[in-house]
Amino acid sequence: MNLLARNAPKESDRELLAAVASGNRRALEELYLAYHRRLARFLSRFTPAYENVEEIINDTFMVVWQSAKDFRNASQVSTWVIGIAYRTALKSIRRQKNHAGAANLDDCPEQTFDPRSDDEMHDWLKQGLNRLPTEQRLTLELAYHMGHSVEEIAVITDCPVGTVKARMFHAREKLRQYLPGLGGSSAPAERA
Amino acid sequence: MSTQDSSQHAPQHKEVVMLIPWYVNDTLSDRDRSKVEGHLAACAACRDELALERRIHEGMNVDGPVEYMPAASLNRLRDMLDGKSAAGEQNAVEQPKPLGRPRRWQWLAAASFAGAAAAAGLWVAGHGLPGSRDLAAPVFYTVTNPATHPREEVVRAVFSPSITLVELQALLDEAQLRIVSGPSEAGVYSLAARSDLPVSTSLALLRRHASVRFAEGTEQAAEPGHAP
């Protein structure tokens, strides 16, 4: 199991968040330090500029500070915090794309590569991931980089489980379209 | 698996295909895991799919460790909270400001300002501001503010806001420097030496990089322990 998603002690997180809800800033700082590395690694996957990563993390913890009293123990603290970071990141990415003009897989010619080469695989993945629609990219990152279950991703993204599965499926399908050499151009479910 | 077998198991096949990513990251329930494993034993297409997804999963987790500096960003969060508290005390009825956006522009402006601030700051350090004791707290910061510089600092630098974490780390590795504090309000990082590499060499490496807006050695860099 991916340690990124499993390394936060759940009970101490709940205690910290309860303290934050009562206005304890030291508890907020402890929570911040506990999550900073994990969030920074997640966010830097698709927001490489450091000041953007930091801005999203700090905005996230401002929301945590303001909303801790609204946490109802319906999910893990980690899922709740990452959900806030997800929504903050989504807004930031959309704003960046509005400025820059987003590229997507439909704009890109198919690539040829040798799937046995790790370097080429890595380069291809970076290019392919950068061209996925934002929600699909984030879903893939939450599953494969952060190690979250489909149910956790549903909570983080505030979507039904079926939507999470569909986003993941379409992300995989688009990666294939981008790189036929990896697994053919047909959709995964159609290849049986 | 034959075509006939596939059509007979099509509903389960589609369900399993959807579950494969979470089989790969090992977060499926026992029930779903058994279902996937049972299907995999009979379906070559899903085994291929699993192999491919494992490569993608592996490929997304090969990045080397990147150093993060939570202390500096935590300081900025404290500033944000203090600002919010001050605003709240000033006007308890007023809603909190919308989160977020000003910081980036503050940073950009600060980074652009840093070169000028450096020159101005150097002059101020040498001469002092006439009548400065009578002035209110300054609304700007300079790279020479003595209270902000740690003892081990040998270089002060301002980086382009567009520099990525990976680029920054690679640049610091090459120049054998590490961040000890920053960025300040003016966007200035304090850097310490990580090896015996002369500070002048580290500075030269920094200055030739397109994402370095400003880099200067400090007094400590000229001390006997540090080759200038």
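None of the figures in this text is laboratory data; all of them are computed from the coordinates on show. Being a predicted model, the structure only gives us computed values, none of them experimental. FYI the Cβ positions are ideal-geometry reconstructions off the backbone, even for glycines, and counts take in every protein chain you see.
Structure notes:
- Spacing of the two label points (7 Å from each Cα toward its C-beta) at B:Ala41 and B:Ala204, in nm: 6.7
- For the pair A:Val161 and A:Gln66 in one chain, pulling the backbone fully straight at 0.36 nm per residue adds 31.4 nm over the alpha carbon distance.
- A simple packing score, the average count of other Cβ atoms within 10 Å per residue, orders the peptides B:15-22, B:188-195 as B:15-22, B:188-195, with the highest score first.
- Stretching the chain fully between B:Ser211 and B:Lys14 yields a gain of 66.1 nm (0.36 nm per residue, less the alpha carbon separation).
- Rounded if a/c under 1.5, otherwise prolate or oblate - the stretch A:33-95, Cα gyration tensor axes: prolate
- If R0 is taken as 56 Å, the Cβ-Cβ distance between B:Asp196 and B:Asp48 corresponds to a FRET efficiency of 0.55.
- Segment B:Arg33-B:Glu152, extension gain: residue separation times 0.36 nm, minus the distance between their alpha carbons: 37.5 nm
- Projected label distance in nm at B:Val166 and A:His122, using a 7 Å step from Cα toward the beta-carbon: 0.8
- A simple spin-label model places pseudo-atoms 7 Å from Cα toward Cβ; at A:Arg14 and A:Leu90 they are separated by 2.7 nm.
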